[in-house]
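Q: Structure provided below as structure tokens; questions to follow.
The values are calculated or read from the model by the stated rules, or taken from the named source; none is laboratory data. Predicted model, so just to flag it, every value in this text is computed and none were measured. FYI the Cβ positions are ideal-geometry reconstructions off the backbone, even for glycines, and counts take in every protein chain you see.
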């Protein structure tokens with residue numbers, strides 16, 4: 001009797017599981033439109049990015065790093081079919097004798113004149129702040145103890161150095177002198193150091209880390225202002 | 001004792017009948033098409049999947065699953081009008097199905113963001129995705 005009851009319950013459960021509708025999750029490409037009016041803002045001039053002077057913690061970087069960030073952004077935008085970008089050489093030629101400073105960020109009149117000079121609809125300008133933050137960390141793990149003949153809890157101290165880049169990107173409408181885009185992009189990366197390697201890292205060049213973070217931030221900006229595809233989940237019913 | 005035996009017998013009989021139904025359903029032609037189409041969709045072969053789901057609808061025009069799945073496929077290839085129509089049909093046939101509602105809402109939200117669907121989707125809210133079974 002007991003066996004029959006058990007079989008009955010088991011069969012019921014199995015059947016109910018079988019009868020339930022199952023679903024399959026699939027990712028479909030979904031077109032995401034640009035966050036700006038690309039029919040209006042189709043060509044840009046990208047000016048060199050300026051280091052934020054107020055940020056006292058800025059790491060020592062090569063002087064032309066702002067120009068490098070601008071070049072990364074230019075390359076990213078030029079790859080999009082919707083945009084035309086004034087080339088790096090052309091920008092450098094037209095800016096000969098000028099030094100882009102922090103005061104340019106608020107001087108929309110000057111940027112407007114420059115935009116007319118470049119014959120573009122929008123000027124892209126911005127600033128950056130790059131700094132590092134180091135903190136001692138402790139990693140807990142296990143190691144085999146020969147004396148005790150078993151695994152024991154152990155820890156190791158290290159220095160975690162985090163590089164942070166805050167990139168502020170602005171788009172200025174040349175016609176209206178209005179700021180149509182003003183967003184900050186923050187990117188970070190971390191390294192684990194022993195005391196020895198930490199000292200070397202403090203003295204070593206950090207421009208490559210900065211470039212890498214700059215690329216990531218610039219690509220996020222480019223993605224936002226260009227139409228692109230994203231993956232979104234949908235449910236197929238079996 | 002006799003009562004328990006009878007109950008157990010009824011439970012076994014019911015289970016067998018239900019499992020029979022399930023087996024019959026799985027082996028049906030529409031089910032085979034649906035399974036094939038789902039595999040095609042997972043491989044991103046959306047046109048093949050559409051072809052199969054259309055065949056399912058030709059056989060059984062009231063198959064809500066096929067309409068829903070067809071909606072997903074149409075959305076994947078960017079045919080938004082057809083996708084909306086398919087989702088609507090699926091929701092009409094089975095209004096309480098949470099997956100149909102979810103797919104339909106997400107499609108409308110996407111249309112609203114693209115600026116295509118301004119008024120109808122204004123009150124559409126994203127709901128939590130249900131757990132997969």
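Q: May I ask you to verify whether residue A:34 is within 14 Å of another protein chain (Cβ to nearest Cβ), modelled with pLDDT of 80 or more, within 30 Å of residue B:113 (Cα to Cα) and exposed (fewer than 11 other Cβ atoms within 10 Å of the Cβ)?
A: No: the conditions fail for residue A:34.
Q: OK, next. Hey, among A:163, A:144, A:151, which residue is at pLDDT 90 or above, touching a helix residue (DSSP H, G or I) at 6+ places or on another chain (Cβ under 6 Å) and farther than 17 Å from residue A:73 by Cβ? Explain how you work it out, then say what you get.
A: Working: A:144 fails: touching a helix residue (DSSP H, G or I) at 6+ places or on another chain (Cβ under 6 Å); A:151 fails: touching a helix residue (DSSP H, G or I) at 6+ places or on another chain (Cβ under 6 Å).
The conditions single out A:163.
Q: Which one is farthest from the other protein chains (Cβ to nearest Cβ) among residues in region B:1-43 that are modelled with pLDDT of 65 or more and not in a helix (DSSP H, G or I)?
A: Checked region B:1-43; the qualifying residue farthest from the other protein chains (Cβ to nearest Cβ) is B:28.
Q: Still on this structure, please answer the following. Here are B:113, B:106: which of them is modelled with pLDDT under 95, crowded, with 20+ Cβ neighbours inside 10 Å and more than 18 Å from residue B:37 (Cβ to Cβ)?
A: Answer to the check: B:106.
Q: Please determine whether any residue of region B:44-51 is at pLDDT below 90, more than 17 Å from the chain's Cα centre (by Cα) and outside any helix (DSSP H, G or I).
A: No; the residues of region B:44-51 include none that is at pLDDT below 90, more than 17 Å from the chain's Cα centre (by Cα) and outside any helix (DSSP H, G or I).
Q: I'm told residue A:177 meets every condition in (1) closer than 30 Å to residue A:42 by Cα; (2) part of a strand (DSSP E or B) except one. Can you identify the failing condition by its number?
A: Going through the list (1) closer than 30 Å to residue A:42 by Cα; (2) part of a strand (DSSP E or B), residue A:177 breaks only (2).
Q: Something else about it: Given the criteria surrounded by 13 or more Cβ atoms within 10 Å (Cβ to Cβ) and either more than 21 Å from the chain's Cα centre (by Cα) or assigned to a helix (DSSP H, G or I) (or both), does residue A:212 qualify?
A: yes
Q: Give me a count of the residues in region A:10-30 that are at the interface with chain B (Cβ under 7 Å from one of its Cβ atoms) and at pLDDT 70 or above.
A: The total comes to 8.
Q: Now for a separate question. If you scan region B:56-78, which residues turn out to be within 12 Å of another protein chain (Cβ to nearest Cβ) and part of a loop (DSSP other than H, G, I, E, B)?
A: Start the filter on region B:56-78 by keeping residues that are within 12 Å of another protein chain (Cβ to nearest Cβ), which leaves B:56, B:63-78.
Of everything in region B:56-78, those that are within 12 Å of another protein chain (Cβ to nearest Cβ) and part of a loop (DSSP other than H, G, I, E, B) turn out to be B:63, B:78.
Q: Now for a different question. When you check residue A:129 against the structure, is it out of contact with any helix residue (DSSP H, G or I) (no Cβ under 7 Å at 6 or more places or on another chain), on the phi < 0 side of the Ramachandran plot and crowded, with 17+ Cβ neighbours inside 10 Å, yes or no?
A: Values: out of contact with any helix residue (DSSP H, G or I) (no Cβ under 7 Å at 6 or more places or on another chain): yes; on the phi < 0 side of the Ramachandran plot: yes; crowded, with 17+ Cβ neighbours inside 10 Å: yes.
So residue A:129 fits the description; yes.
So that you can scan it fast, the table gives a plain yes or no per residue for (1) in contact (Cβ under 8 Å) with a residue 60 or more places away in the chain; (2) assigned to a loop (DSSP other than H, G, I, E, B):
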residue	(1), (2)
A:35	yes, yes
A:41	yes, yes
A:48	no, yes
A:67	no, no
A:73	yes, no
A:82	yes, yes
A:92	no, no
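Q: Can you tell me which of A:45, A:4, A:78, A:55 is in contact with a strand residue (DSSP E or B) (Cβ under 8 Å, 6 or more places away or on another chain) and modelled with pLDDT under 90?
A: Just a single option satisfies the conditions, and that option is A:55.
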